[in-house]
Number of protein chains: 2
Amino acid sequence: MEESKKFLLQEKDIPQAWYNVMAEMPNKPRPMLNPATKQPLTAEDLYPLFSEEASKQEMNMKDAWIEIPEEVREMYKIWRPTPLVRARGLEKALDTPAHIYFKNESVSPVGSHKLNSAVPQAYYCKKQGVTNITTETGAGQWGAALSLAAKHFGLALAVYMVKVSYHQKPYRRSIMETYGAEVIASPSMSTKAGRKIITDNPSYQGSLGTAISEAVELAMSTPNCKYALGSVLNHVALHQSVIGLEAEKQMAMAGEYPDIVIGCFGGGSNFSGISYPFLRHNFTGERNTRFIAAEPESCPKLTRGVFQYDFGDEAGYTPLIPMLTLGHNFAPANIHAGGLRYHGAGSVVSQLIEDNLIEAVDIAQLETFAAATLFAQSEGIIPAPESSHAIAAAIREAEKAKEAGESKVILFNLSGHGLIDMTAYDQYHAGDLVNYQVSDEQVLANTKDLEKII
Amino acid sequence: MEESKKFLLQEKDIPQAWYNVMAEMPNKPRPMLNPATKQPLTAEDLYPLFSEEASKQEMNMKDAWIEIPEEVREMYKIWRPTPLVRARGLEKALDTPAHIYFKNESVSPVGSHKLNSAVPQAYYCKKQGVTNITTETGAGQWGAALSLAAKHFGLALAVYMVKVSYHQKPYRRSIMETYGAEVIASPSMSTKAGRKIITDNPSYQGSLGTAISEAVELAMSTPNCKYALGSVLNHVALHQSVIGLEAEKQMAMAGEYPDIVIGCFGGGSNFSGISYPFLRHNFTGERNTRFIAAEPESCPKLTRGVFQYDFGDEAGYTPLIPMLTLGHNFAPANIHAGGLRYHGAGSVVSQLIEDNLIEAVDIAQLETFAAATLFAQSEGIIPAPESSHAIAAAIREAEKAKEAGESKVILFNLSGHGLIDMTAYDQYHAGDLVNYQVSDEQVLANTKDLEKII
């Protein structure tokens with residue numbers, strides 16, 4: 001009998017509702033605070049910044065299932081459902097008894113999972129009559145996704161792109177421009193926040209935190225304009241749950257259930273998306289799956305950050321968020337996984353780590369590129385540097401299974417392909433990439449003045 | 001009721017056999033000739049160059065169906081079956097009554113249809129004990145595909161990449177290297193053919209014809225080494241028939257049958273792949289579908305070439321092929337659709353055009369990028385510059401349908417995505433791209449001394 005390589009759903013299997021983990025997690029996330037009053041925020045407090053629907057979703061601790069609008073499901077059909085793939089080639093290369101599966105989110109037209117949240121965020125803005133949106137982007141994955149979604153729903157979009165990525169990844173800028181968006185390298189002179197940073201440090205290469213400050217400032221100072229964020233927040237994790245919901249059906253087609261679920265970790269969007277739909281079965285005691293968030297060694301907020309109230313951005317424009325953080329002034333090294341260069345984790349992930357419901361590992365840059373190359377040669381797909389963190393973590397677990405002689409079932413999310421990141425591969429092959437460690441002193445210096453969580 | 005956007009098959013629907021148009025076309029293609037003796041070639045004559053199985057397939061005029069080996073189908077499962085997509089976004093943007101479908105071959109890990117033939121060619125080499133293979137590549141699509149297939153079957157590969165593409169498309173070089181292939185810019189000093197061309201014209205930017213000469217020379221002078229070609233030849237068109245065979249099932253799922261089938265045209269691999277499985281129903285009189293090959297205005301062999309015996313390569317190493325040709329010394333302009341910069345068409349396509357069974361159109365570079373941008377913004381996928389020729393031809397037909405008020409069903413092949421071609425889009429947006437016309441004098445000068453077809 002022929003063995004299945006891919007497990008494929010039909011369009012009718014695209015989920016009808018997103019899964020909202022906040023309704024079912026044992027300890028709710030702590031509330032976001034108004035930085036001036038230190039009072040918990042309400043959904044209404046977010047209306048100036050986000051669409052009303054996204055604001056409500058952000059605060060919804062009650063409904064485990066939230067209906068996906070018809071218009072959103074229609075646009076999801078451009079690339080969803082995505083395949084679940086049995087990584088037989090990688091298993092063979094590792095000679096492991098583990099069964100390795102990956103959810104292939106790289107098949108979206110922009111090459112990553114980011115479109116899952118870009119579509120509803122743009123849709124909700126359009127629905128309430130917004131005409132302009134702003135955002136930030138690191139590696140350019142989120143910016144590309146929002147550019148396509150904005151074009152689809154007829155919104156004008158300005159994207160602040162982290163300067164180092166703007167120069168390292170010019171193709172992503174071209175992609176956004178092809179979809180009709182305006183792209184600005186951040187820090188820029190176009191905002192107060194950007195001007196201050198450039199004045200203080202003219203050679204600063206930018207960070208997600210800085211770019212967020214600029215995008216938020218532009219949104220707040222422009223009529224009929226909202227801001228959209230690609231990660232960290234609860235409504236983003238909500239939208240990304242389509243990944244895990246589809247994967248759950250597909251694992252059932254394969255006749256297996258994961259012992260371990262893995263996602264790379266920047267702000268949490270793809271990790272949350274693949275994990276929470278499976279995590280809900282841990283809440284009920286029905287399953288005992290391990291969940292591993294794989295972050296870069298150079299930006300280790302989950303493994304070495306502090307759990308305190310911090311700003312989501314460099315300039316301190318956002319609410320105070322209860323997060324595992326390296327401090328909002330932490331400047332991560334210029335690794336190629338630009339999408340993982342963010343100082344903090346969302347409130348839900350942070351709470352789940354505090355409660356020992358999920359785990360985290362940090363991985364050095366060179367290990368991620370070795371894993372990526374092995375994956376490319378054995379499975380064909382060249383992964384994004386970000387996703388390579390999940391692959392490296394999966395390989396570690398597959399090797400442990402081999403040592404222990406156990407047939408574990410490992411599922412990871414391939415959040416994106418790396419076809420637009422070939423410069424990074426070039427540098428890796430040339431031996432020009434290095435690892436970046438973070439010292440305890442660095443972490444302490446950036447976190448000692450944060451608002452304590454009581 | 002929800003409307004379907006994509007028509008998706010399962011792995012079991014990957015065809016079990018390829019369709020060989022030569023067995024059923026009314027007038028067989030004329031034979032290839034030995035350039036020295038002018039005698040028709042046999043399969044055995046090709047053994048020094050190609051694998052024996054590919055050589056036999058090249059000459060097979062008898063079997064309409066040729067079984068796909070199990071190992072090939074297994075590797076096809078990495079990305080096949082590919083989706084058939086109803087281009088509802090494009091239809092809406094054009095406000096056309098036409099129904100537009102595209103077969104999305106861009107979902108392969110290398111981003112194009114080329115892997116369909118790379119896999120069996122590498123497999124047949126491996127099966128007969130070959131250890132090394134060589135090839136040429138234009139835009140890099142074929143080279144990337146063969147690199148992955150060679151790695152999968154454990155073969156060492158050297159790729160001669162057309163110099164202009166080597167520099168315009170460095171990412172494709174990195175992709176090939178990531179899969180473990182060696183890439184050489186052509187013309188190079190590593191072969192007699194390359195040295196001669198460089199000596200005659202030191203600034204020559206290369207062509208597919210030149211790169212083929214170099215790859216053939218290396219294969220012929222290296223022990224246990226074969227050559228693999230990504231287009232033009234009959235066995236390549238055979239392998240590509242999986243595209244049309246899947247599309248035929250998927251059009252049936254959609255409840256429609258194409259009035260018009262369109263593919264872009266370089267050497268004919270993707271055009272043949274999408275077309276021949278539908279064309280067979282024209283042979284029987286059961287259908288009356290139109291088939292349109294869309295070629296670049298700057299390399300118009302189908303619309304303005306001569307039908308004569310010509311070499312497949314610059315240096316004259318190949319057999320004489322009966323082809324619509326601009327002459328093997330024709331040097332096409334440096335358009336971004338590098339995969340379409342080839343002087344001739346395969347013997348089958350040439351015969352089918354002679355017999356008025358298929359049509360051809362030529363399209364200017366700027367029209368293709370306008371079509372590509374409209375497609376990207378309405379369907380999400382940024383197309384390869386090559387594939388944009390098919391899109392432009394489909395748009396022309398959809399607009400004709402609108403003028404005539406007819407609801408035509410149009411099917412085109414999206415042979416690849418353009419995520420590695422963003423430099424070209426950058427130049428288009430900046431207004432830096434131009435059209436390139438070919439004069440009658442150029443065509444005459446390059447074709448007047450060719451071997452006449454009697």
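The values are calculated or read from the model by the stated rules, or taken from the named source; none is laboratory data. The shown structure was predicted, so the numbers you read here are calculated from the model rather than taken from an experiment. Heads up, the Cβs are rebuilt from the backbone with ideal geometry, glycines too, and the neighbour counts pull from every protein chain shown. Accessible surface is based on the protein model in full, side chains and every heavy atom, while ligands, DNA and RNA are left aside. Shrake-Rupley method; radii C 1.70, N 1.55, O 1.52, S 1.80 Å.
Some points to look at:
- Nonlocal amide H pairs with B:Thr137, under 5 Å, H built at 1.01 Å: B:Tyr160, B:Met161, B:Val162
- Computed from backbone phi, the HN-Hα couplings of the range B:237-251 come to 4, 4, 4, 6, 5, 4, 4, x, 5, 5, 4, 4, 4, 6, 4 Hz, rounded to whole numbers (Karplus: 6.51 cos²θ - 1.76 cosθ + 1.60, θ = phi - 60°; Gly and Pro given as x).
- 12 Å cut-off, amide nitrogen to a point 7 angstrom out along B:Ala23 Cα→Cβ, residues in the range B:51-73: B:60-68
- Entry for the range A:309-352 at q = 0.16 Å⁻¹: log10 I(q)/I(0) = -0.41, Debye formula applied to identical alpha-carbon scatterers, no solvent contribution.
- With at most 10 other Cβ atoms within 10 Å, longest stretch of chain A clear of loop trypsin sites (Lys or Arg not before Pro) (DSSP): A:63-447
- Relative intensity, log₁₀ I(q)/I(0), of the range A:22-115 from a Debye sum that treats every alpha carbon as a point, q = 0.12, 0.26 Å⁻¹: -0.69, -1.23
- Calculated from backbone phi, Karplus (6.51, -1.76, 1.60) coupling profile of the range B:108-114 in Hz, x at Gly/Pro: 5, x, 8, x, 7, 6, 4
- Estimated purely from DSSP H runs of n ≥ 4, each contributing -39500 (n - 2.57), the mean residue ellipticity at 222 nm for chain B is -12000 deg cm²/dmol once divided by its residues.
- Share of Cα-Cα pairs in the range B:191-313 lying beyond 23 Å, as whole percent: 48 percent
- Amide H contacts under 5 Å for A:Ile292, placed H, 5+ residues apart: A:Val261, A:Ile262, A:Gly263, A:Glu359
- Relative contact order for the range B:201-305: 23 percent, from Cα pairs under 8 Å spaced at least 6 residues apart, divided by residue count.
- Distant-in-sequence amide contacts of A:Asp310, defined by a placed amide H-H separation under 5 Å and a gap of 5 or more residues or a different chain, comprise A:Ile321, A:Met323.
- Beta bridge orientation in the range B:234-329: antiparallel %, DSSP, nearest 5: 55 percent
- Projected label distance in nm at A:Gln10 and A:Ala430, using a 7 Å step from Cα toward the beta-carbon: 5.1 nm
- Ranking B:Asn234, B:Ala393, B:Gly285 by how far each Cα lies toward the positive end of the dipole of chain B (charges on Cβ) leaves B:Asn234 at the top.
- For chain A, average projected area of the Cα convex hull in nm²: 20.3 nm²
- Positive-end extreme of charge dipole, chain A - chosen from A:Thr37, A:Cys225, A:Asn413 (charges on Cβ): A:Cys225
- Inter-copy separations for B:Glu354, label at 7 Å along Cα-Cβ, nm, ascending: 8.0
- Kirkwood Rh in Å, taken over all unlike Cα pairs in the range B:155-228: 12.5 Å
- Pairs of Lys in the range B:1-118 closer than 19 Å at Cα, counting only those 8 or more apart or on different chains: 14
- Cα-based Kirkwood hydrodynamic radius, the range B:241-400, one decimal, Å: 16.2 Å
- Between B:Asp449 and B:Ala370, the contour length at 0.36 nm per residue exceeds the alpha carbon distance by 24.6 nm.
- Accessible carbon and sulfur surface of the protein assembly as shown relative to its total accessible area, %, 1.4 Å: 50 percent
- Volume of the convex hull of the range A:74-167 (Cα atoms only), normalised per residue: 115 Å³.
- Interface of B with A. Using a 1.4 Å probe and counting protein heavy atoms only, the two chains hide about 4000 Å² of accessible surface, both sides summed.
- Net dipole in debye of the range A:15-126 [+1 Lys, Arg Cβ; -1 Asp, Glu Cβ; about Cα centre; nearest 20]: 400 debye
- The three principal axes of the Cα atoms in the range A:321-454 give end-to-end lengths of 48, 37, 24 Å, sorted in falling order.
- For the range B:184-198, backbone phi angles converted through the Karplus equation (6.51, -1.76, 1.60; θ = phi - 60°) give residue-by-residue couplings of 10, 5, 10, x, 10, 8, 7, 9, 4, 4, x, 4, 5, 5, 5 Hz, Gly and Pro being listed as x.
- Helix axis angle, B:387-404 relative to chain B longest principal axis, alpha carbon, degrees: 30 degrees
- Fully extending the segment from A:Gln437 to A:Lys127 would add 107.1 nm, taking 0.36 nm per residue of separation and subtracting the current Cα-Cα distance.
- Taking every alpha-carbon pair under 8 Å whose residues sit at least 6 apart, the range A:75-140 reaches a relative contact order of 27 percent.
- Distances, shortest first, from the label point of A:Lys400 to those at the same position in the other copies read 6.3 nm; the point lies 7 Å along Cα to C-beta.
- Shielding value for B:412-420 is 2, the average number of Cβ atoms from other chains within 10 Å of each residue's Cβ.
- Between copies, the label points at A:Ala252 (set 7 angstrom from Cα along Cα-to-Cβ) are spaced 3.0 nm, reported in nanometres from shortest to longest.
- Rounded to the nearest 20 debye, the dipole size of chain B about its Cα centre is 560 debye, using +1 on the Cβ of Lys and Arg and -1 on the Cβ of Asp and Glu.
- Cα-centred dipole magnitude for the range A:89-206, charges only on beta-carbon of K, R (+1) and D, E (-1), debye, nearest 20: 340 debye
- Å³ per residue enclosed by the Cα convex hull of the protein assembly as shown: 162 Å³
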